[in-house]
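Here's the structure we're looking at; comments come further down.
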Amino acid sequence: MISINLFYKSSTSWTLLPAWARFFIDVGIAVVTHENISKRALVGLALPARAYAAPLVAFGVTMGKFASSSRDMEAARRFQQLCELKSNTPLLYRRNGKLIKVFFDGLEEMDGEMKLCLSTKGERYWITSRQALQVEFPAKEFSMLPTRPSQRVRDRPSQFLVSLFGIQTARAIVSQSSLDSLTIGSLYQLKEEIQDWPIAVRTETGFASGFLQEVTRVRRFSKRTQAYRSEIYHVYSKECENTGQEIPAVVIFDGGAGFSKWRDSWRQSDWVILFDQTETEFDVAVQAFNDEYIKSPVGDRELSWFLAPPAYIPTSMYQEARQ
């Protein structure tokens, strides 16, 4: 497990993040770094209160993504996903400090290697599997190119990101987009927790401070040209219907209502379900989880790689084949 000490602002001083907060970060790290490609993990946690749990899990997911040695594998998965697109699918391509609107124009074999062909007004680009993380899906599709198909991007990593990850990884975070996690919950509560709660990492000269958003990089809370690492859908939004082209590595259900309503979607992703014991739908949602749990083979109910939860958080987990 990754070991980095994080701090939060207590009155006027920085205080070590409490064990319960560190646990949720570790949940995100553990789920995204497990190595079973063919099976997905489903972890259900019954919480006395949901505050900050989902953002901390999402924070841990992105930390785990960049701390693992699977970056080449992630690029290969993105390349394969792009290869399966229909011709003329709109995409975005980050190149030399610009965000360029392009269309997928098929595959071509060049120099003994299969490459993606992207086209825009007067330009064509050929993308190798190693460059696939520079290509991303737009938040809203476009059917034709605007008069300005590219925009200059100026997004340098903060001192908080550099202190947390190192300069190379920090630069990758602000220049490569990936849907590490998708949270389904309350936009208002999550926005406040992600954008307004200062945290910090200790450096040789003091503390480098930031916010959860600097790591989670929620797409809807970011500037249009900024790279993203996660997204949030409101529990009653049609966005939750999973009609998009990008598949999140981990789906975080922030409350039983989201799980009850959308559990038939997103079955390609790992799940972390945060059941809030104060929620009116708690019992119904837990019963739905248990109904699925008992259908799983006994051998799939022991996740040896998962961390031991605190005694006050009832936890259940299993795995199943990805769909």
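The values are calculated or read from the model by the stated rules, or taken from the named source; none is laboratory data. As the structure is a prediction and not an experimental result, all values here were calculated from the model. A quick note on method: Cβ atoms are made from the backbone with ideal geometry, for glycine too, and the neighbour counts reach across all protein chains shown.
Where in segment 1-49 are there strands (runs of 3 or more DSSP E), lying wholly inside it, with at least 1 residues that are at pLDDT 90 or above, closer than 21 Å to GLU74 by Cα and not small (Gly, Ala, Ser)?
On the way: elements: 6-10, 13-16, 39-47.
Ranges flagged: 39-47.
Considering only residues that are at pLDDT below 90 and among the hydrophobic types (A, V, I, L, M, F, W, C), look in segment 256-305 and name the one that is farthest from GLY60 (Cα to Cα).
So, considering only residues that are at pLDDT below 90 and among the hydrophobic types (A, V, I, L, M, F, W, C), the one farthest from GLY60 (Cα to Cα) is VAL298.
If we scan segment 21-35, do we find a residue that is touching a residue at least 40 places away in the same chain (Cβ under 8 Å), out of contact with any Leu (no Cβ under 6 Å at 6 or more places or on another chain) and of a type in the set (Lys, Arg)?
No, segment 21-35 has no match at all.
Among the residues of segment 132-162, write down those that are farther than 21 Å from VAL218 by Cβ and modelled with pLDDT of 75 or more. Spell out how you get there, then give the answer.
First, the residues of segment 132-162 that are farther than 21 Å from VAL218 by Cβ: 132, 142-150, 152.
ALA132, the sole residue that qualifies.
Select from segment 299-308 the residues that are over 22 Å from the mean Cα position of the chain (by Cα) and not aliphatic (A, V, I, L, M) and write down the one among them that is surrounded by the most Cβ atoms within 10 Å (Cβ to Cβ).
Taking segment 299-308 as the starting set, the residues that turn out to be over 22 Å from the mean Cα position of the chain (by Cα) are 299-302, 304, 308.
From what's left, not aliphatic (A, V, I, L, M): 299-302, 304.
Working: GLY299: 8, ASP300: 16, ARG301: 13, GLU302: 10, SER304: 5.
Among residues in segment 299-308 that are over 22 Å from the mean Cα position of the chain (by Cα) and not aliphatic (A, V, I, L, M), the one surrounded by the most Cβ atoms within 10 Å (Cβ to Cβ) is ASP300.
Just need a number here: residues in segment 200-225 that are within 19 Å of the chain's Cα centre (by Cα) and crowded, with 17+ Cβ neighbours inside 10 Å.
Here is the first cut: in segment 200-225, the ones within 19 Å of the chain's Cα centre (by Cα) are 210-225.
Subsequent filtering for residues that are crowded, with 17+ Cβ neighbours inside 10 Å retains 210-219, 221-222.
Selection size over segment 200-225: 12.
Can you tell me which residue in segment 162-199 is surrounded by the most Cβ atoms within 10 Å (Cβ to Cβ), limited to those that are free of Cβ contacts under 8 Å to residues at least 24 places away in the same chain and aliphatic (A, V, I, L, M)?
ALA170
Select from segment 272-293 the residues that are among the β-branched types (Val, Ile, Thr) and under 14 Å from VAL43 (Cα atoms) and write down the one among them that is surrounded by the fewest Cβ atoms within 10 Å (Cβ to Cβ).
Here is the first cut: in segment 272-293, the residues among the β-branched types (Val, Ile, Thr) are 272-273, 278, 280, 284, 286.
Add one more test, that the residue is under 14 Å from VAL43 (Cα atoms), and what stays is 272-273, 286.
Details: VAL272: 30, ILE273: 25, VAL286: 20.
The qualifying residue surrounded by the fewest Cβ atoms within 10 Å (Cβ to Cβ) is VAL286.
Identify, from the list SER316, SER296, SER269, the residue that is surrounded by 13 or more Cβ atoms within 10 Å (Cβ to Cβ) and in contact with an Asp or Glu (Cβ under 7 Å, 6 or more places away or on another chain). Please lay out each step first, then the result.
Details: SER316 fails: in contact with an Asp or Glu (Cβ under 7 Å, 6 or more places away or on another chain); SER269 fails: in contact with an Asp or Glu (Cβ under 7 Å, 6 or more places away or on another chain).
Of SER316, SER296, SER269, the one residue that is surrounded by 13 or more Cβ atoms within 10 Å (Cβ to Cβ) and in contact with an Asp or Glu (Cβ under 7 Å, 6 or more places away or on another chain) is SER296.
Is at least one residue of segment 231-238 farther than 20 Å from LEU179 by Cα, outside any helix (DSSP H, G or I) and either over 23 Å from the mean Cα position of the chain (by Cα) or outside the structural domain of ALA51 (by TED's automatic domain parsing) (or both)?
So the first thing to find is which residues in segment 231-238 are farther than 20 Å from LEU179 by Cα, and the list is 236.
Checking the rest, the ones that are also outside any helix (DSSP H, G or I) come to 236.
The next check asks that each one be either over 23 Å from the mean Cα position of the chain (by Cα) or outside the structural domain of ALA51 (by TED's automatic domain parsing) (or both); those that pass are none.
Among the residues of segment 231-238, not one is farther than 20 Å from LEU179 by Cα, outside any helix (DSSP H, G or I) and either over 23 Å from the mean Cα position of the chain (by Cα) or outside the structural domain of ALA51 (by TED's automatic domain parsing) (or both), which makes the answer no.
One line per residue, one yes/no per condition, for (1) crowded, with 22+ Cβ neighbours inside 10 Å; (2) in contact with a helix residue (DSSP H, G or I) (Cβ under 9 Å, 6 or more places away or on another chain); (3) outside the structural domain of VAL250 (by TED's automatic domain parsing):
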{"site": "ALA19", "(1), (2), (3)": "no, no, no"}
{"site": "ILE25", "(1), (2), (3)": "yes, yes, no"}
{"site": "GLY28", "(1), (2), (3)": "yes, yes, no"}
{"site": "LEU45", "(1), (2), (3)": "yes, yes, no"}
{"site": "TYR52", "(1), (2), (3)": "no, yes, no"}
{"site": "VAL61", "(1), (2), (3)": "yes, yes, no"}
{"site": "PHE79", "(1), (2), (3)": "no, yes, yes"}
{"site": "PRO90", "(1), (2), (3)": "no, no, yes"}
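For segment 2-17, give me the residue count where each residue is under 20 Å from VAL162 (Cα atoms), surrounded by fewer than 14 Cβ atoms within 10 Å (Cβ to Cβ) and either of a type in the set (Ser, Thr, Tyr) or within 19 Å of the chain's Cα centre (by Cα) (or both).
Taking segment 2-17 and keeping what is under 20 Å from VAL162 (Cα atoms), we get 2-9, 14, 16-17.
With the extra rule that they be surrounded by fewer than 14 Cβ atoms within 10 Å (Cβ to Cβ), the set shrinks to 3, 5, 16.
Applying the additional criterion that residues be either of a type in the set (Ser, Thr, Tyr) or within 19 Å of the chain's Cα centre (by Cα) (or both) yields 3.
Within segment 2-17, residues that are under 20 Å from VAL162 (Cα atoms), surrounded by fewer than 14 Cβ atoms within 10 Å (Cβ to Cβ) and either of a type in the set (Ser, Thr, Tyr) or within 19 Å of the chain's Cα centre (by Cα) (or both) number 1.
Let me spell it out: the conditions are (1) closer than 30 Å to ARG224 by Cβ; (2) modelled with pLDDT under 90; (3) hydroxyl-bearing (Ser, Thr, Tyr), and TYR93 meets all of them except one. Which number is the exception?
With (1) closer than 30 Å to ARG224 by Cβ; (2) modelled with pLDDT under 90; (3) hydroxyl-bearing (Ser, Thr, Tyr) applied to TYR93, the lone miss is (2).
Somewhere in segment 239-247, is a residue buried (at least 22 other Cβ atoms within 10 Å of the Cβ), in the same structural domain as LYS191 (by TED's automatic domain parsing) and in contact (Cβ under 8 Å) with a residue 40 or more places away in the chain? Write out each step before concluding.
To start, the set of residues in segment 239-247 that are buried (at least 22 other Cβ atoms within 10 Å of the Cβ) comprises none.
Checking segment 239-247: not a single residue is buried (at least 22 other Cβ atoms within 10 Å of the Cβ), in the same structural domain as LYS191 (by TED's automatic domain parsing) and in contact (Cβ under 8 Å) with a residue 40 or more places away in the chain.
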